[in-house]
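Notes for the one structure printed next.
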């Protein structure tokens with residue numbers, strides 16, 4: 001299994017600013033993903049973080065709003081840009097690898113935009 | 001597009017009763033199916049993973065079944081305890097990406 005940490009664990013930000021969330025995995029993994037969980041909702045996939053290349057975004061999510069980096073096999077960042085109150089959510093990083101492709105999740109970053 | 005549905009949305013049982021949580025999915029071409037537990041304000045803990053070629057998987061008091069042809073999975077929790085109170089999410093994997101259900105919130109009364 002993989003152990004995933006995220007920083008920060010929570011933040012309160014002002015409208016119009018940006019926040020970068022870091023995700024660190026304790027071992028090399030094949031794939032990393034970013035999910036959003038809006039209040040009272042389930043998880044929605046934002047994008048697949050590709051190592052050394054541009055992320056692959058799901059429908060409804062764009063690079064200008066959610067730029068993602070993955071410089072190596074254990075680390076990724078998600079930036080939430082030009083934030084509005086609608087961006088208030090929990091953002092979760094996940095990773096998978098090995099033959100089973102079981103996904104493991106970080107503890108999440110709780111973002112509140114005022 | 002994969003659609004995942006979980007029924008019921010909420011469940012309240014007395015301690016000791018067995019729990020049955022249902023999950024259905026629309027696209028049977030899944031790679032695997034995972035069950036997760038989420039405590040309030042926390043991340044996700046992986047409970048069980050069932051590969052598409054498997055029919056069931058067991059871990060302690062937990063047993064999950066998978067019927068790909070009918071697009072269904074069921075999570076059984078035996079002899080429930082108050083510590084089992086949480087939201088349980090199922091997620092179907094297509095192309096290694098997970099599609100989540102809305103979850104079943106379980107309350108086990110002491």
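All of the numbers you see were taken from the coordinates with simple rules; none came from a lab. Owing to the predicted nature of the structure, the values given are computational and were not obtained by experimental measurement. Every residue, glycine among them, receives a Cβ derived from its backbone with ideal geometry; neighbour counts consider all protein chains shown.
Note on residue A:53/residue B:95: beta-carbon distance plugged into 1/(1 + (r/R0)^6) with R0 of 22 Å gives a FRET efficiency of 0.85. Contact order for chain B, expressed relative to its length and based on alpha carbon pairs under 8 Å spaced 6+ residues apart, stands at 38 percent.
Modelled this way, with points 7 Å down the Cα-to-C-beta line, the labels at residue A:61 and residue B:78 are 3.9 nm from one another. Packing around the peptides A:89-98, B:66-75, A:7-16, taken as the average count of other Cβ atoms within 10 Å per residue, puts them in this order, highest first: A:89-98, B:66-75, A:7-16. Counting, for every residue in B:41-48, the Cβ atoms of other protein chains within 10 Å of its Cβ and taking the mean gives 5. In the protein assembly as shown, one over the average inverse separation of all distinct C-alpha pairs is 18.0 Å, which is the Kirkwood hydrodynamic radius.
Tell me the relative contact order for segment A:30-86 as a rounded percent, counting alpha carbon contacts under 8 Å between residues six or more apart. Reported as a whole number, the value is 25 percent.
Distance between the modelled labels on residue B:20 and residue B:1, one decimal in nanometres: 3.2 nm (7 Å Cα→Cβ projection).
Note on chain A: Cα Rg divided by 2.2 N^0.38 Å, N the number of residues, gives 1.00.
For residue B:110 and residue B:63, a Förster radius of 25 Å and the Cβ-Cβ distance give a FRET efficiency of 0.60, rounded to the nearest 0.05.
What shape does chain B have by the C-alpha gyration tensor, where a ≥ b ≥ c are the square roots of the eigenvalues, rounded means a/c under 1.5, and otherwise prolate means a/b greater than b/c and oblate the rest? Because a/c hits 1.5 or more and a/b exceeds b/c, chain B counts as prolate.
When you restrict to C-alpha pairs under 8 Å that are six or more residues apart and normalise by the size of chain A, the relative contact order lands at 37 percent. Among beta bridges from DSSP that stay inside chain B, the antiparallel ones total about 90%. Does segment B:38-98 come out rounded, prolate or oblate, given a ≥ b ≥ c as the square roots of the eigenvalues of its C-alpha gyration tensor, rounded meaning a/c under 1.5 and, failing that, prolate meaning a/b above b/c? In terms of gyration-tensor shape, oblate.
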